[in-house]
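Engineer: Sharing a structure here in structure tokens format.
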Amino acid sequence: MEDDDSIRETVGEALRLEGYEVLTSSNGSEALELVVGTSSDPVDLIVLDLMLPGLGGLDFCRELRRFKNTTPILVISARDSETDRVLGLEVGADDYLVKPFGLRELVARCRALLRRSRQIESLPSESHTYANLCLFSNECRVTRDGTDLTLSPKEYKILELFIQNPKRVWSRDQLLEKIWGVDFVGDTKTVDVHIRWLREKVEDEPSSPQLILTVRGFGYRFG
């Protein structure tokens with residue numbers, strides 16, 4: 001999804017040459033319909049520019065995740081500040097590539113996202129339960145007392161890591177590497193913000209947490 005005709009055509013042609021079937025759109029609302037419309041075939045990967053007419057790229061990410069659609073999103077954007085990168089990732093993007101970029105890097109990142117997505121899909125169906133929480137790994141879904149929680153992709157990944165590793169202490173740096181990846185550009189405050197948001201959704205009393213505990217001087221522990 002890209003409003004610049006030349007970039008859209010170049011990216012599309014590069015991916016077609018790699019054997020991918022490509023759908024293109026220059027409008028955010030039209031692109032959302034392509035992905036979530038009932039008549040559409042499933043989309044495996046989205047390459048998204050932030051500066052789209054109509055529904056902008058960030059709002060596209062929010063809307064897509066609101067539909068509980070977990071299709072991987074690679075953002076391409078001329079916005080290269082740390083704030084822009086963090087915001088893009090926090091609203092649901094899986095990777096962020098700054099313009100101008102090389103086509104080989106674009107293709108490599110697309111391959112990596114598709115490979116990661118297929119690995120998740122191939123995992124056997126399983127669920128993990130802790131206290132009143134139940135996590136369904138293949139569905140990327142968590143319930144609390146039987147009711148679905150609305151979690152951002154990063155919140156889900158943090159909670160999944162916690163539930164699968166109860167009692168383990170994770171430092172902020174370890175969480176950044178596990179959840180955001182080794183190439184993340186930012187500081188550990190991002191972790192603290194997401195932990196606060198997560199506590200508001202899973203704790204009875206977020207100000208006195210019983211599940212996600214702070215281990216002073218080390219990081220966080222679940223349970």
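Engineer: Would you check which residues across the stretch 137-148 are in contact with a helix residue (DSSP H, G or I) (Cβ under 9 Å, 6 or more places away or on another chain) and either modelled with pLDDT under 90 or assigned by TED's automatic domain parsing to the domain that holds LEU211 (or both) and list them?
Structural biologist: Answer for the stretch 137-148, where residues must be in contact with a helix residue (DSSP H, G or I) (Cβ under 9 Å, 6 or more places away or on another chain) and either modelled with pLDDT under 90 or assigned by TED's automatic domain parsing to the domain that holds LEU211 (or both): SER137, ASN138, CYS140, ARG141.
Engineer: Read through the list (1) in contact with a strand residue (DSSP E or B) (Cβ under 9 Å, 6 or more places away or on another chain); (2) without any contact (Cβ under 8 Å) to a residue 40 or more places away in the chain; (3) surrounded by fewer than 21 Cβ atoms within 10 Å (Cβ to Cβ); (4) of a type outside the set (Lys, Arg), then give the number of the only condition that SER25 fails.
Structural biologist: (1)
Engineer: Is there any pair linking a residue in the stretch 111-128 that is over 19 Å from ASP95 (Cα atoms) to one that is modelled with pLDDT of 70 or more and not in a helix (DSSP H, G or I), with Cβ under 7 Å and at least six apart or on different chains, and which?
Structural biologist: Qualifying pairs under 7 Å: SER127/CYS134; SER127/LEU135; SER127/PHE136; HIS128/LEU135.
Engineer: I would also like to ask the following. Just one of VAL75, VAL35, VAL86 is touching a Gly at 6+ places or on another chain (Cβ under 6 Å) and part of a helix (DSSP H, G or I); which is it?
Structural biologist: Sole residue among the options that is touching a Gly at 6+ places or on another chain (Cβ under 6 Å) and part of a helix (DSSP H, G or I): VAL86.
Engineer: Out of everything in the stretch 169-200 that is in contact with a helix residue (DSSP H, G or I) (Cβ under 7 Å, 6 or more places away or on another chain) and among the charged types (D, E, K, R), what residue ends up being surrounded by the fewest Cβ atoms within 10 Å (Cβ to Cβ)?
Structural biologist: LYS178
Engineer: May I ask you to say which residue of ASP187, ASP204 is more than 26 Å from SER81 (Cα to Cα) and either without any contact (Cβ under 8 Å) to a residue 12 or more places away in the chain or part of a loop (DSSP other than H, G, I, E, B) (or both)?
Structural biologist: Result: ASP204 is the single residue among ASP187, ASP204 that is more than 26 Å from SER81 (Cα to Cα) and either without any contact (Cβ under 8 Å) to a residue 12 or more places away in the chain or part of a loop (DSSP other than H, G, I, E, B) (or both).
Engineer: Does ARG79 count as out of contact with any His (no Cβ under 8 Å at 6 or more places or on another chain), within 15 Å of SER152 (Cβ to Cβ) and surrounded by fewer than 20 Cβ atoms within 10 Å (Cβ to Cβ)?
Structural biologist: When the stated conditions are applied, ARG79 does not pass them.
Engineer: Confirm whether GLU30 is in a helix (DSSP H, G or I) and surrounded by 13 or more Cβ atoms within 10 Å (Cβ to Cβ).
Structural biologist: Judged against the criteria, GLU30 is a match.
Engineer: Given the conditions (1) modelled with pLDDT of 85 or more; (2) in contact with a His (Cβ under 9 Å, 6 or more places away or on another chain), and given that TYR96 satisfies all but one, which numbered condition is not satisfied?
Structural biologist: Result: TYR96 fails condition (2) only.
The values are calculated or read from the model by the stated rules, or taken from the named source; none is laboratory data. Bear in mind the structure is a predicted one, so any value in this text is a computation, not a measurement. Counting neighbours? That spans all protein chains shown, and the Cβs are built from the backbone with ideal geometry, glycine included.
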